[in-house]
Amino acid sequence: MQNFTGVGVSPGRVIGTIRQMPKPVAEPPSGERLASGTAPEDAARDLKAAAQAVHDELKSRADTASGDGKAVLEATALMARDTMLLKSAVKLINAGSSAERAIWDAGASVSEMLHNLGGYMAERATDVLDVRARIVAALRGVPAPGIPASETPFILVAEDLAPADTATLDPDKVLALVTSGGGPQSHTAIIARSLGLPAVVAAHGVDELPESIEAYVDGAAGTIAIEPSEEQRAAASAWADNAATLAVFDGNGTTADGHPVPLLANVGGAKDAAAAAALGAQGVGLFRTEFCFLERDTEPTVEEQAAAYKGVFDAFPGKKVVLRTLDAGADKPLPFLTDATESNPALGVRGYRTDFTTPGVLERQLEAIAQAASESEADVWVMAPMISTPAEAAHFATLCAAKGIKTPGVMVEVPSAALTAAAVLRHVGFASLGTNDLTQYAMAADRQLGPLAALNSPWQPAVLRLVQLTVAGSAEEGNNKPVGVCGEAAADPALAVVLVGLGVSTLSMTARSLAAVGAVLRTVALEQARELAQLALSAPDAVDARAWVRAKLPVLEELGL
Ligand code: PEP
Ligand code: MG
């Protein structure tokens, strides 16, 4: 049978059976009527039975789940028995609608009503849409949408995963993630790395694989092999042994010759921060504050914000925590800041730019940060996302100073900021390279799109050149400002070596990658890292840059990275 190649985004070698993520449930035809000869009472009875079955299935999954996943499943199970939802569907059936169409329309009205109520109720609006899709699937006798339920571990194959799928993804049941779509910076890639699961994205054709066949996945090589060979079985078993060593980071990032490279964590809130501290992170290099408020329709108060930020600061007393001000927009819309009707959101009013259209929010956020920082022992640095010009950097530094924030900085993720790094950095204390967006904007390739995955690689020599320019600008006369990396590139052990060779002083990544990056960095002296950086810069394309560097680092193959 055919083998598949995609882009490896999270290392690991495993063998398991394939389970396909069911396709989204298609909307029943608009205005679909009851089939002739079907009595409305019979259709209503079928609908209630389907809803009950959905409830029972979700409830039994909730009973064996834990944490966030349990809460999501319980809330969804309850929604399947919601009287308002079922009553309005039955009313539509009595007026002649088919059962599928009735629950679809009833779900839409209830969801809209909840959304308009705002707050906690608005957060339930998407649960209703999930429930109606599950009830339609039950009426049709097809698999329910979402992560399949299974007693035994499996390799999950999907087109791409949505952020909401994370909540119900049980890392003990999923051995690896493989998607036909998605790029290296897609949600699937980020979810896989944060859970420490091997993953391959943009593996065209995998969604046609039959259920339950055995496959071998190599998340570093980006390959999926059907009918695994003896050699592949041995590789999977060697990985299982290595994985234990690669799970522990000793909290000391350094090159072989003792050049310190603090390895920091990317976090989205207090829970992540506590987990990162437990995994040995030397601080936080990127606190994505917008993750604390993704569900909010209205601006959180200064007090609410301060409490959320303090939760992260308190996990790292005496250590550096780099907080990023709200990066709303594009793939992370916040209704109180962004315009959902923008036709080109990645190039729109996102990140720092929301201060142009909604002034005041940034200043109130800075006030909350200053308040939380004053009550904590963390060394708090604050940076703005999507800075494009020296004037923006200067304005941000002024706003920080007005609130008593001592270490303002910028993210360098727009090529113009990299090209004018010396001028940008004169106004602030540090820069952090956001290689996810820097790659997307340098290559003009949407970071979520599977067909553009090859363009969207931070190994692109053009992107490495922008990193080099940023470091050079930061070292210019009178500047001498530290430059870190907080994009996904820092979590790739081979690329991490190249970044250090380019002069980057800290690396920030999902906490699960700290041990692997630390283990590889420790085998390379600074001078060798510099040579590897030159080698990557001289490559004609991303594929060669990666292959040439990897060939010089045999430790990667030994560790299965
Ligand atoms: C980046 O762009 O590299 C980055 C770290 O920010 P985000 O992924 O949140 O856009
Ligand atoms: Mg970014």
Restricted to region 505-530, and to residues that are touching a Gly at 6+ places or on another chain (Cβ under 7 Å), open to solvent by 10 Å² or more (accessible area, probe 1.4 Å) and in a helix (DSSP H, G or I), which residue is nearest to Thr255 (Cα to Cα)?
Arg530
Just give me the residues in region 316-340 being open to solvent by less than 10 Å² (accessible area, probe 1.4 Å), in a loop (DSSP other than H, G, I, E, B) and not charged (D, E, K, R), in sequence order.
Phe316, Thr325, Ala328, Leu334
Does Ala431 satisfy the condition of being open to solvent by 10 Å² or more (accessible area, probe 1.4 Å), in contact with a Pro (Cβ under 9 Å, 6 or more places away or on another chain) and either acidic (Asp, Glu) or within 13 Å of ligand 1 (Cβ to nearest atom) (or both)?
no
Cβ-Cβ under 7 Å, sequence separation 6+ or interchain: first residue in region 308-337 and free of Cβ contacts under 8 Å to residues at least 24 places away in the same chain, partner away from ligand 2 (no atom under 16 Å from the Cβ) and open to solvent by 10 Å² or more (accessible area, probe 1.4 Å). Which pairs?
Pro333/Ala340
Across region 531-561, what is the number of residues that are assigned to a helix (DSSP H, G or I), in contact (Cβ under 8 Å) with a residue 40 or more places away in the chain and open to solvent by less than 20 Å² (accessible area, probe 1.4 Å)?
7
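Checking the conditions here, which among Gln282, Gln305 is more than 29 Å from Gly181 (Cα to Cα), more than 16 Å from ligand 2 (Cβ to nearest atom) and open to solvent by less than 30 Å² (accessible area, probe 1.4 Å)?
Gln305
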Under 8 Å between Cβ atoms, at least 6 apart or on separate chains: pull out the pairs that start in region 220-248 with a residue that is under 16 Å from Val200 (Cα atoms) and modelled with pLDDT of 90 or more and end on any residue that is in a helix (DSSP H, G or I) and open to solvent by 20 Å² or more (accessible area, probe 1.4 Å).
Ala225/Gln232
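Yes/no matrix, rows are residues, columns are (1) within 13 Å of ligand 2 (Cβ to nearest atom); (2) farther than 25 Å from Trp548 by Cα:
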{"residue": "Ile387", "(1), (2)": "yes, yes"}
{"residue": "Thr420", "(1), (2)": "no, yes"}
{"residue": "Arg426", "(1), (2)": "no, yes"}
{"residue": "Gln448", "(1), (2)": "yes, yes"}
{"residue": "Ala454", "(1), (2)": "no, no"}
What number goes with the only condition from (1) hydrophobic (A, V, I, L, M, F, W, C); (2) within 16 Å of ligand 1 (Cβ to nearest atom); (3) free of Cβ contacts under 8 Å to residues at least 60 places away in the same chain that Ala423 does not pass?
(2)
Please go through region 442-492 and give me each residue that is within 12 Å of ligand 1 (Cβ to nearest atom), over 18 Å from Val7 (Cβ atoms) and not in a helix (DSSP H, G or I), ordered by number.
Gly484, Val485, Cys486
Given the options Ala384, Ala397, name the one that is buried (at least 17 other Cβ atoms within 10 Å of the Cβ) and within 15 Å of ligand 1 (Cβ to nearest atom).
Ala384
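The values are calculated or read from the model by the stated rules, or taken from the named source; none is laboratory data. The structure displayed is predicted, hence computed values, not measured ones. Using ideal geometry, Cβ is built from the backbone for each residue, glycine included, and neighbour counts are taken over all protein chains shown. The area values use the complete protein model at the heavy-atom level, side chains included, leaving out ligands, DNA and RNA. Shrake-Rupley method; radii C 1.70, N 1.55, O 1.52, S 1.80 Å.
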